[in-house]
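Rule-based calculations on the coordinates, nothing more; no lab input. Small disclaimer: the values here were computed from a predicted structure and weren't measured. Methodologically, a virtual Cβ is constructed for each residue, glycine included, from the backbone with ideal geometry; neighbour enumeration extends over all protein chains shown.
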Amino acid sequence: MTEKKQGTELVETIVLDTEDGKKEEFQVLGYFELKETGKKYVLLTHEDTQNEDGEQDVFAYRYYEEGENITLEEIESDEEWNMVEETLNTLVDEEVI
């Protein structure tokens, strides 16, 4: 992960390898931990891109820290995704992200 200046604010970014071997840069929106799962999550978005509704797509991943390295895992169960989505909606409603 790196930090870079976007306008007047410093933003955290992460570069992920895609399935087709390309590298894509994402902006880190935030981190949180769910008590229900005991796991940590990160919220990412593409910088300056919007979907057809004019909103930014947000991607959520489970993550693990190993020293200075971070490993991301996809959220596979609907139950876990529903808990993450509820937290995301709360963060948006409270204007935290």
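If you count, for each residue, the other Cβ atoms within 10 Å and average over each peptide, how do 68-77, 81-90, 30-39, 17-26 line up from highest to lowest?
Working: 68-77: 10.9, 81-90: 14.3, 30-39: 12.5, 17-26: 9.3.
Packing order, densest peptide first, comes out as 81-90, 30-39, 68-77, 17-26.
Distances between placed amide hydrogens fall under 5 Å for Leu29 paired with Leu43, Leu44, Thr45, all partners being 5 or more residues away or on another chain. Note that segment 81-94 has calculated 3J(HN,Hα) couplings of 4, 4, 5, 5, 4, 4, 5, 4, 4, 5, 4, 5, 4, 8 Hz, one per residue in order, obtained from phi through the Karplus relation 6.51 cos²θ - 1.76 cosθ + 1.60 (θ = phi - 60°); glycine and proline are x.
3J(HN,Hα) along segment 19-28, derived from phi through the Karplus expression 6.51 cos²θ - 1.76 cosθ + 1.60 where θ = phi - 60°, amounts to 4, 8, x, 7, 10, 10, 9, 10, 8, 7 Hz, with x in place of Gly and Pro.
Proximity of backbone amide H atoms, modeled 1.01 Å from N, is registered between Lys39 and Leu34 at under 5 Å, excluding neighbours fewer than 5 places apart on the same chain. Derived scalar couplings between HN and Hα for segment 29-46 equal 8, x, 10, 7, 10, 9, 5, 4, 9, x, 10, 9, 9, 10, 10, 10, 8, 6 Hz in order, rounded to whole Hz, by the Karplus curve 6.51 cos²θ - 1.76 cosθ + 1.60 (θ = phi - 60°), x for Gly and Pro.
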